[in-house]
Each structure stands twice: as structure tokens, then as C-alpha cells.
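The values are calculated or read from the model by the stated rules, or taken from the named source; none is laboratory data. Treat the numbers as computed from the prediction; the structure is a model and nothing was measured. Because the Cβ atoms are built from the backbone with ideal geometry, glycine has one as well, and the counts that use them run over all protein chains shown. Note: accessible area is taken over every heavy atom of the protein model, side chains too, but ligands, DNA and RNA are not part of it. Shrake-Rupley method; radii C 1.70, N 1.55, O 1.52, S 1.80 Å.
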Amino acid sequence: MTRMRARLLMLHVLVLALLAVLAVRLWQVQVVRGQEFVTRATETRTRTVIVPAVRGQILDSSGRPLVRNKTALVVSVDRTQLSRMPDGGLAVLKKLSAVLGRPVKDLQQRIRPCGPGVGKPCWTGSPYQPVPLDEKVDTREALQILERQEEFPGVTAEIHSVRQYPGGRAGAQMLGYLQPVTEAELEKREGLKAAFSGVDLVGRDGLEYVYDQALRGKAGLRRVQVDRMGKPLGVEAQTTPVPGDHLVTSIDARVQAVVEKAVNKAMKNAPGADGGAGVVLDARTGRVVALASSPGYDPEIWAGGISARGYQRLMSEKSGKPLVSRAINGQFAPGSTFKITSVTSMLRAGYPLKGTYTCPGSYTVGGRAFNNFRGIGLGTLTLHTALVKSCDTIFYRSSYEQYLKDGGRTPKKKPKEIFANVARQFGFGKPTGIDLPGESAGRIPDRAWKKNLWNQTSATNCERSRKGYPEVKDRARAEFLKRLALENCEEGFLLRPGDAANFSIGQGDVLVTPLQLARAYMALVSDGKVRSPRIGWAQVRPDGKVVKTIPVPVVGKLPLTEKERLYIKNALSQVAADGTAAGAFSGWPMDKIRVGGKTGTAEVWGKKDTSWFASFAPTKNPQYVVVVMISQGGMGGSTAAPAVREIYEGIYGIKQRAAVPGGRLTTKLPKFAPDGTVIRR
């Protein structure tokens, strides 16, 4: 009996102790740490979702859309809801695969969360946001999903905003494209990580890249209430996103279309041509009016994500690398268009502006004969006529003489290198600074460049001089390459006499981009100031208010007096009427719209010549600078010059409707209504 009571007493004590511990714990949870747990509970009941803003449009100088937004049906999947299904949503994805015509495996990859060891495609966004799977759904496919929602739980078909390109392929490389954000971009791009919603697309090239932050706008926030299983219950609070600014450019959509057509036609008419570019600048301001590159591509290929095969085609040699802009990235020998720098170099070297110079059929440089075009001598010429008739031997001689004054093969301690330094003052050998990414610098091959190249290649050349080129089947070609390798091995660091001669006529190792050449001619025919061209003109809010205008900076000055500049300009003004481009401009109304310029035919080893024509009009008070380049296009006067003529015909309305009525570009920004629409003038 006593033992039983002792046991009951111990049991009572134990129960009381447990109750005391429970009471203390409840006091700690509800009183001491009550606020902490309330906060945690609140946090687990809400999720913050970033709502992306509507991206701003890219407009031309008159407000016409170059890139705009359109509504499209987008099929999205709630990954969280699928994951709660017994089969992980496999049955739903199989049905969806049949509707969309896409493999189940592809859909599974697109909705899986990104992470270590998980490559693209994958989902980087919030689990509380739908994952877009297809942005090109037609109404029939969307209705199959919406009308049988019970068969597609977690799947929606909603209207979203996607990019549209009214001009099709026109200016695709210039405009750029959008792609999903990468981890590297989140870390590097200013303000992107804080505003990233998980579904944002960012500019990857062109204007979309350069002006991405302004176009993207400011994302909004939505606080979503969810249950303990993560199912959304409702919206607790919301901040409306701010749409991105519109980018007004100096591009004229009508001129752009004319240039695209002319360049493509020139390539088609030149068998073997593998690329072309056309540049139109406003000679008064330095703004870009049109920028074309061929071959091109349809920028809408990026919508909904590009396939690996599609991307390879854009970058392949076989398709002509359409993703690469030949206008700013293509580097080509400029041929005789480069003689504007050679004439200037002669003047800076002390040759008289109004002197006379012999133009023989050939001139010997370093023991080797350098011929005039077709070996034809033109007698005694002024510099004016030397430009009009494009004499080579005058420039061979002057360049070689300056080469010898610098010490020739054994240069002085500080050689003047007048021809190379003058070319740099025209803006060659460095990027123009245009508001586009990835611009090429071109090349001005001076003594320092030769030495650096030799340091990089001498080991390979020396090895080749011993082993030769057994893989080359043409024995004569292989022997030539072996001799060349020996020469470069032993003295490749020297600037040779032939290098100097070739430089003077835009041949040899000198390379320029079409935009660089257009910029140089713009400076020559306007006011002598070298500008950094701009495509962006102004950022405008959706309500029409101008946020800021984008200036065109002056970055240099030509090494010419006003008298010298006008002398060269006047000489070029005669080329289309009585010079090397006269055939292409036969019948042109020179009395109304006089066109000036310079043809260029640059030799390329193993390929056809590169065809150039750099021009300006009207010659008295230039409004336009137009440059066309056709790779493997042949002579400048027979391929590039006719293309330039076609561009001017389109601009001024010769035998057709004028792209620019009256030939005068607009100087005022387009006007916007309060609702953001453009008020047509």
C-alpha cells in the first residue's frame, strides 16, 4: 500500500513538473519571443514578386517604330503546382507537348530551376511566377488549353508584351535583340539585380544593349499571400511598374529601307560578293541616318528563345555571319578612298598645294615597280586632278620619299611617320565611339605595329620557313609561302618600302570600317571637325516628356587649313561628274543635286577586289555622306558607286517617291501626345 502511494506521488510530481516546463515554454514563446515568431509567421505567409515594366520602344527620327511592343499569347506553367502532382506534372506536360508540338523533354528543361550543374535551358525566376514556355502561340492552341482547363492544371495562356520589328531585317544588327538574363549580367549590369523579376529580358546587342537601362524601365512589386503549402491566396500590396523610356533615334526608317535594298542589290549583281555595308550620315550633325549590313537576318528569331542550331547559323561562315555588322565590325582595305589622308599627308610634309606632279604608269619603290591602274600614265597633274583621276604613282612617290626621310629600313630615333599619324587624325586606327557595342578599331600599320606583330608571329614564321607548307597542294603557292615565312622570320619587324607605298593608296595592311570612312569624309566636307557618330537622339518618357537629348561629341580636328580642306572637297566634287565614278552617274541631274566622292578598289589576296564608294551631296552644302562597301564586289566604279547612286535616287526621289521629301532631314524631335502616341507632322 505504501509502495503504491509513493508511486502515485512521484507521478503527480512528474506531471506537475511537465506542466511547469510547458508553462515556462509558453511564456517564452508568447511573451519573451512573441514578436519574433509573429514576424516569422508573417514572412512565411507572404512572398514578394517583382513585376517587370513594359519596355520602351525604339523610334526613328520622325517617331516611326523601329522596335515596338505587340501583344501575344504566351503559354506559361506554374512549376510549383506541377511539382505537387503525384507524377510531377508529367501527364500535363505530355498533353501540353501535343498541343504546342514541342518535345516533353524540352518543356521539362525549361521549367527546371537553374542551379549548380544545371545548364540552359532552365528557369531562373521566382517559383511564385509562371514560367513562359512559348511566346508564339496561336489562338487555336490557346483555346485548346483554356477550354479544357481541367486537363491542364497549372497551365495558362495569357496576353503578354513581346518585341516586334516593323522593318523586318532592316538594321537588325544595329537594333540588337533581347535574351534572358545570365548570372554574370546580374552581377555586372547596373541596377539589374535589384530589379530582376526572373522573367526579364535584357538587351544583348545593338541599341537594345547600349540603352538597356533606360528602355527597361522600373519594375513594380507585388506581395502575394500564400498558405503553408505555398499556394497563392491573394495580393496583399502592389506597386505599379514604371514603363521604360522610348529611344528616339536619328535613323530615318525610309532611308534605311532604301540603303538595305541598294546594298542587297549590289551584292546580287556582283557574283561572288560575300558581304556589304551602307552608311548614311547627316553631314551637318554627325548623326547616323542609316546603317545597313548584309547578309542580314530576321531579329524575331530571338523571340521565345533561339535554338542552338539557329545561333550557329547566325555565326557560321557558310551563312556569311549575318549576326556581325560589317558597317562597324567589318575591317577592309579602303583602296583609293583613303587618298584623302594621303593628300593631307603630302601637304603636312611640305608638298605645295597648287604644285604639279608627274603621274607615270609605274614608279619604282625599293627596287620593285609599283604600277598605276592598268599601268597607264596620266602625265603631269595637280593634286586636284590626281584625286579626280585617281593617280596612284604620285602617292607612291611621296610616301616612299617620306619613308626614306624617316630613315627607311633603319629608322631614326623619332621618325615622323607623317602618313600614319595624319591617318589617325582622320579617325582611323581606333573606334569611332558610336553608341553601339563591339566596334572594331581598324588598323594603321606603322613601325610600332610591325614590331609588335613580329613579336607575336616570329616563332611561327621561323618554324614554317624550315618545315614549309606541306598541306598546301599547289607547289608554287607552297614555295611562295615558305619564302614569305623566311622573310617575315628574319626581318618581319621592319617597315618595308612596299609597306609605305601600299599604305598611300589604302592597300596592304591598312584596314578601316565603313563607318570610320564615312566619319572621315563627313569631317572633310563639313567643318573639319571629327565627331563620334550617334544613333540615339533622345530619351522620351511614355507621356511624351523628353528626359534627355544625346549629344554628338567632337573628338578631334583634321590637320588641314580651311583653304586646303575646301581644295580637296572641290576635287572630290568632280569625281562623279568627270572622274572614276562618271560612268555610274551618267545622266544624273548634276545641275540640281551635285554628288561628290571617291571610288576605291582594294585588292585582297585570294579574293576579288573590295568595292568602295565614299560620297557626299549636295557638294556645295553637304547634307548627306553616303558610303557603300561590297566585299568581293570588284571595281568601286562598277559596283559600289551604282549602289550609292540608287541610295541618292531614293533619298531625293529621282524616278520614284522621295524617302526624304525635299531632301532635307528633320532637325526637330517628333512631338508626342500625353498618351505617348506620336503626333504626325
Q: On a 0 to 90° scale, report how tilted helix 2-27 is relative to the longest principal axis of the chain, with both axes built from alpha carbons and the result rounded to the nearest 10.
A: 40
Q | Against the rule of thumb 2.2 N^0.38 Å, how large the Cα Rg of the stretch 438-556 comes out | A | 1.67
Q: Please report, in cubic angstrom per residue, the volume enclosed by the convex hull of the alpha-carbon atoms of the stretch 66-106.
A: 103
Q) Where does helix 339-348 land angle-wise versus the long Cα axis of the chain, in degrees 0 to 90, nearest 10? A) 70
Q: Give me the accessible area of D474, 1.4 Å probe, in Å² rounded to the nearest 10.
A: 90
**Q.** Neighbour cut-off at most 12 other Cβ (10 Å), DSSP loop, GluC sites (Glu not before Pro), the stretch 425-512
**A.** E471
(Q) Could you compute how much accessible surface R680 exposes when probed at 1.4 Å, giving the result in Å² to the nearest 10? (A) 140
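Ranked by accessible surface with a 1.4 Å probe, highest first, in what order do R25, R645, R140, R3 come? Before the final figure, lay out the partial values.
On the way: R25 115, R645 35, R140 145, R3 175 Å².
The ranking, largest first, comes out as R3, R140, R25, R645.
Ignoring any ligand, DNA or RNA, what whole percent of the accessible area of the chain comes from carbon and sulfur when the probe is 1.4 angstrom? It would help to have the intermediate numbers written out before the result.
Values: 18100 of 33030 Å².
Carbon and sulfur: 55 percent of the exposed surface of the chain.
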Q) Residues of the chain: accessible area per residue at 1.4 Å, in Å²? A) 48
Q.
Please report the projected area of the stretch 384-431's Cα convex hull averaged over all directions, in nm².
A. 4.5
(Q) Filter K389/K482; K354/K389; K321/K389; K414/K557; K265/K671 down to the pairs with a C-alpha to C-alpha distance above 28 Å, please. (A) K389/K482; K321/K389; K265/K671
Q) Roughly how many whole Å is it from the C-alpha centroid of the stretch 362-431 to that of the stretch 600-677? A) 29
**Q.** Exposure rank, largest accessible area first [H12, H246; 1.4 Å]
**A.** H12, H246
Q: Relative to the longest principal axis of the C-alpha atoms of the chain, give the angle of the C-alpha long axis of helix 34-45, reported between 0 and 90° and rounded to the nearest 10°.
A: 60
Q | Spatial extent of the chain: Rg and Dmax, with the Cα atoms as the point set, Å | A | 33.8, 143
